[in-house]
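Take a look at the structure set out below.
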Amino acid sequence: MNTLDFTLARDTHGRLNLTLADGTVHEGVVPVRAFPISAPDGGLSLVSADGHELRWIERLADLPANARELIAAELAVREFMPMIRRINEVSTFSTPSTWTVETDRGLTELVLKSEDDIRRLGDGRLLIATAQGLQFGIAKASDLDRHSRKLLERFL
């Protein structure tokens with residue numbers, strides 16, 4: 001489907017609105033990536049407030065700058081995932097354990113319930129689900145400092 005047959009804008013309440021070529025306006029649309037973890041730069045849908053797909057976008061990069069920026073900002077809020085840059089310490093090498101980590105959002109603690117909550121995504125990327133229901137990412141485990149890698153290896 002032609003992705004240029006619509007316009008996007010924010011309304012006075014900050015919601016994302018989609019206007020189709022025929023003038024139909026859909027309020028409160030939500031962008032949803034098809035594969036947010038394995039192919040974050042791949043396709044995404046613009047979904048109505050009631051969950052129906054309104055438009056498929058093959059590649060975000062193909063959109064005009066203003067639409068691309070609006071969608072990227074909406075996705076950033078929806079897909080909040082702090083990235084771990086350093087593991088300072090772990091409370092114990094058995095689970096559950098409390099980890100003190102430095103992320104791109106600052107210093108924090110997370111509770112790892114089980115080793116199974118660490119998922120390998122390929123290319124050295126890891127996804128860590130916490131007992132608090134948050135998800136943290138590690139862009140590339142081999143890029144962590146030696147101390148962090150040593151602690152992490154005890155759980156992999």
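The values are calculated or read from the model by the stated rules, or taken from the named source; none is laboratory data. Computed from a predicted structure; not experimentally measured. All Cβ positions, even for glycine, are placed from backbone atoms using ideal geometry, and neighbour counts span all protein chains on display.
Being more than 26 Å from residue 136 (Cβ to Cβ) and outside any helix (DSSP H, G or I) is the filter here; which residues of the stretch 57-81 pass it? The answer is 57, 58, 59, 63, 64. Any residue that is within 25 Å of residue 40 (Cα to Cα) and part of a loop (DSSP other than H, G, I, E, B) - is there at least one of those in the stretch 82-90? Yes, the stretch 82-90 contains at least one residue that is within 25 Å of residue 40 (Cα to Cα) and part of a loop (DSSP other than H, G, I, E, B).
Annotation note: Cβ proximity below 7 Å between a residue of the stretch 137-156 that is among the small types (Gly, Ala, Ser) and a residue that is part of a helix (DSSP H, G or I) and at pLDDT 95 or above (sequence gap 6+ or interchain) occurs for 141/149; 141/152. Among the residues examined, residue 48 does not qualify as closer than 30 Å to residue 156 by Cβ and among the small types (Gly, Ala, Ser).
Being among the small types (Gly, Ala, Ser) and under 22 Å from residue 77 (Cβ atoms) is true for just one of 106, 122. Which residue is that?
106
For beta carbons closer than 6 Å, sequence separation of 6+ or different chains, a first residue in the stretch 45-58 that is within 10 Å of residue 34 (Cβ to Cβ) and a second that is among the β-branched types (Val, Ile, Thr), the qualifying pairs are 45/32; 57/3. Name the residue, out of 82, 96, that is under 17 Å from residue 129 (Cα atoms), surrounded by 16 or more Cβ atoms within 10 Å (Cβ to Cβ) and in contact (Cβ under 8 Å) with a residue 24 or more places away in the chain. When all the criteria are applied, what remains is 82.
In the stretch 65-78, the qualifying residues are those that are surrounded by 12 or more Cβ atoms within 10 Å (Cβ to Cβ) and within 23 Å of residue 23 (Cα to Cα), and the one that is farthest from the chain's Cα centre (by Cα) is 67. Within the stretch 121-142, the set of residues being farther than 18 Å from residue 40 by Cβ and loosely packed, with under 12 Cβ neighbours inside 10 Å comprises 132, 133, 142.
Sort through 38, 45 and tell me the only one that's hydroxyl-bearing (Ser, Thr, Tyr), in contact with a Phe, Trp or Tyr (Cβ under 9 Å, 6 or more places away or on another chain) and either over 30 Å from residue 126 (Cβ atoms) or not in a helix (DSSP H, G or I) (or both).
45
Are any residues in the stretch 110-136 under 16 Å from residue 98 (Cα atoms) and of a type in the set (Gly, Ala, Ser), and if so, which ones? 114, 129, 131, 133, listed by residue number. Kindly evaluate residue 93 against the criterion of being within 30 Å of residue 29 (Cβ to Cβ) and of a type in the set (Phe, Trp, Tyr). Judged against the criteria, residue 93 is not a match.
Here the stretch 109-120 is the region considered, the condition is being free of Cβ contacts under 8 Å to residues at least 40 places away in the same chain and buried (at least 16 other Cβ atoms within 10 Å of the Cβ), and the residue that is farthest from residue 132 (Cα to Cα) is 118.
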